[in-house]
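Asks: Please see the structure below; I have some questions.
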């Protein structure tokens, strides 16, 4: 009996860990913007900061949690290492920074929104905040003398000029701020390092600091469509669930409540209809959810976005292992067929340029999107979503698309099979090919005879079923 009870508790915790709750927005302006965002399908994520200079993991190496994914220079003790890291701001000088080039490449790739890191956990602000001297425009930073020193403003303007929706990534924790990591105490983990119950004024000061920085971003940087808040351990303790516990990080005995109702009220007064993404804190301030580095096995019944790195790292790392163009297009197709958006991350180099492999991938993705974008943008999932290597999408006018994923290592046969399409078509066309496509119905499947000379089509063949 005892073992059975323990088993039921384990199952309940397991289900709670991986089940997601969603609260639809009540503001019609947010609902409208969310629908617009959902039609974009493909976005660019950018992690850029002082961590690009040595080419190491973003922020996390100054967090003294012991994990194999947090590499740290073992020749320095922790305090020496942290000082070295925080002093990297004095080397930040990306003299080749030109966000118009970034925006042009992203647009050609078919991306339609951008999310840029205004501040990561290390607290280094990539904008001209008045709340802290630890910022890109401070005189200690060599780049502060550059006419484009206010990086966030330059990035938002360049992408907005190309018609992108604008997303501001912002870290709720700030490891450089003394009201979050108090120098009086050690910094054993990602959480604030003092008992908020004993020092309520210090936490109140941090909440005001956070509010003020977000108010600056919502006021001084033009139209912002998405506020993408990271650092999900900064949350009301009552919202901590098995999902949070599964991260393996310590949970403090006190609240780290940042006062999202107050932040939301201010942000939406400044930016009506703002989409808010308080990541992993499920509820009214998480307008869409963000599976990280993974694609759900099946469609989800709420708005969602897979955020994933093009290489292995979020920030720039020399000689990173970039995913192939074929893999990236297959990920995009799989995500869109399941009703999600794909936010693909690239880390700029310390000189302000994008890595050459990333530019190559963006160019090649763009060539595929030029032919097949109608099967991606503003589409909806349709059962059976995916059978073997074929994904399905449906346009708002009712057209159905079968996206046949090609394996670059396998020679394409002259005949292919589309298993169990949502409907049998009266007409079938292959996007990018003008010649008539021959096909026939075989039970519940379609057999398609490919015309000669389509070897130039790569990554995925897209059939329109009318």
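Asks: Since residue 394 meets every condition but one in (1) under 27 Å from the mean Cα position of the chain (by Cα); (2) more than 22 Å from residue 36 (Cβ to Cβ), which condition does it not meet?
Replies: Status for residue 394: all satisfied but (2).
Asks: How many residues are more than 27 Å from the chain's Cα centre (by Cα) and either buried (at least 17 other Cβ atoms within 10 Å of the Cβ) or under 19 Å from residue 132 (Cβ atoms) (or both) if we restrict to region 194-212?
Replies: Qualifying residue count, region 194-212: 7.
Asks: Kindly establish whether residue 402 is surrounded by 18 or more Cβ atoms within 10 Å (Cβ to Cβ) and outside any helix (DSSP H, G or I). Give the steps one after another, and end with the answer.
Replies: On the way: surrounded by 18 or more Cβ atoms within 10 Å (Cβ to Cβ): yes; outside any helix (DSSP H, G or I): yes.
So residue 402 passes the test.
Asks: Residues in region 356-375: is at least one touching a residue at least 24 places away in the same chain (Cβ under 8 Å) and assigned to a strand (DSSP E or B)?
Replies: Scanning region 356-375, I find no residue that is touching a residue at least 24 places away in the same chain (Cβ under 8 Å) and assigned to a strand (DSSP E or B), so the answer is no.
Asks: Is it the case that region 65-77 has a residue that's assigned to a helix (DSSP H, G or I) and over 18 Å from the mean Cα position of the chain (by Cα)?
Replies: The answer is no; no qualifying residue exists.
Asks: Would you confirm whether or not region 302-320 contains a residue that is without any contact (Cβ under 8 Å) to a residue 12 or more places away in the chain and surrounded by fewer than 20 Cβ atoms within 10 Å (Cβ to Cβ)? Reasoning before the result, please.
Replies: Let us first name the residues in region 302-320 that are without any contact (Cβ under 8 Å) to a residue 12 or more places away in the chain, namely 312, 319.
Next, from what is left, pick out any that are surrounded by fewer than 20 Cβ atoms within 10 Å (Cβ to Cβ): 312, 319.
Yes, region 302-320 contains a residue that is without any contact (Cβ under 8 Å) to a residue 12 or more places away in the chain and surrounded by fewer than 20 Cβ atoms within 10 Å (Cβ to Cβ).
Asks: For region 152-168, indicate whether the set of residues that are farther than 27 Å from residue 264 by Cα and at pLDDT 95 or above is non-empty.
Replies: yes
Asks: If you check residue 192 against the conditions, is it touching a residue at least 12 places away in the same chain (Cβ under 8 Å), outside any helix (DSSP H, G or I) and within 23 Å of residue 251 (Cα to Cα)?
Replies: yes
Asks: Does region 220-233 contain at least one residue that is modelled with pLDDT of 95 or more, in the same structural domain as residue 304 (by TED's automatic domain parsing), part of a helix (DSSP H, G or I) and more than 26 Å from residue 341 (Cβ to Cβ)?
Replies: The answer is yes; a qualifying residue exists.
Asks: Among the listed residues 339, 352, 366, identify the single one that is at pLDDT 95 or above, in the same structural domain as residue 136 (by TED's automatic domain parsing), over 30 Å from residue 92 (Cα atoms) and surrounded by 21 or more Cβ atoms within 10 Å (Cβ to Cβ). Give the derivation first.
Replies: Values: 352 fails: over 30 Å from residue 92 (Cα atoms); 366 fails: surrounded by 21 or more Cβ atoms within 10 Å (Cβ to Cβ).
Just one listed residue meets the conditions, 339.
Asks: Give me the pairs: first residue in region 79-107 and not assigned by TED's automatic domain parsing to the domain that holds residue 52 and outside any helix (DSSP H, G or I), second residue crowded, with 19+ Cβ neighbours inside 10 Å and modelled with pLDDT under 95, beta-carbon distance under 7 Å, and six or more apart or on different chains, which are they?
Replies: Partner pairs satisfying both residue conditions: none exist.
Asks: Does region 124-156 hold any residues that are closer than 18 Å to residue 47 by Cβ, surrounded by 21 or more Cβ atoms within 10 Å (Cβ to Cβ) and touching a strand residue (DSSP E or B) at 6+ places or on another chain (Cβ under 8 Å), and which are they?
Replies: The answer is 124, 125, 126, 127, 135, 136, 152, 155, 156.
Asks: Here's something else I'd like to know. Of all residues in region 397-418, which are over 32 Å from the mean Cα position of the chain (by Cα) and modelled with pLDDT under 95?
Replies: 411, 412, 413, 414, 415, 416
Asks: Then there is this: Those residues that are in contact with a strand residue (DSSP E or B) (Cβ under 9 Å, 6 or more places away or on another chain) and either at positive phi or in a loop (DSSP other than H, G, I, E, B) (or both), I need them from region 449-466; list them, please. Let's see the steps before the verdict.
Replies: Going through region 449-466, the residues in contact with a strand residue (DSSP E or B) (Cβ under 9 Å, 6 or more places away or on another chain) turn out to be 449-451, 454, 457, 459-466.
450, 451, 454, 457, 459, 466, listed by residue number.
The values are calculated or read from the model by the stated rules, or taken from the named source; none is laboratory data. If you're wondering where the values come from, they're calculated on a predicted model, not measured in any experiment. Quick reminder, even Gly has a Cβ in these numbers, built from the backbone with ideal geometry, and neighbours come from all protein chains shown.
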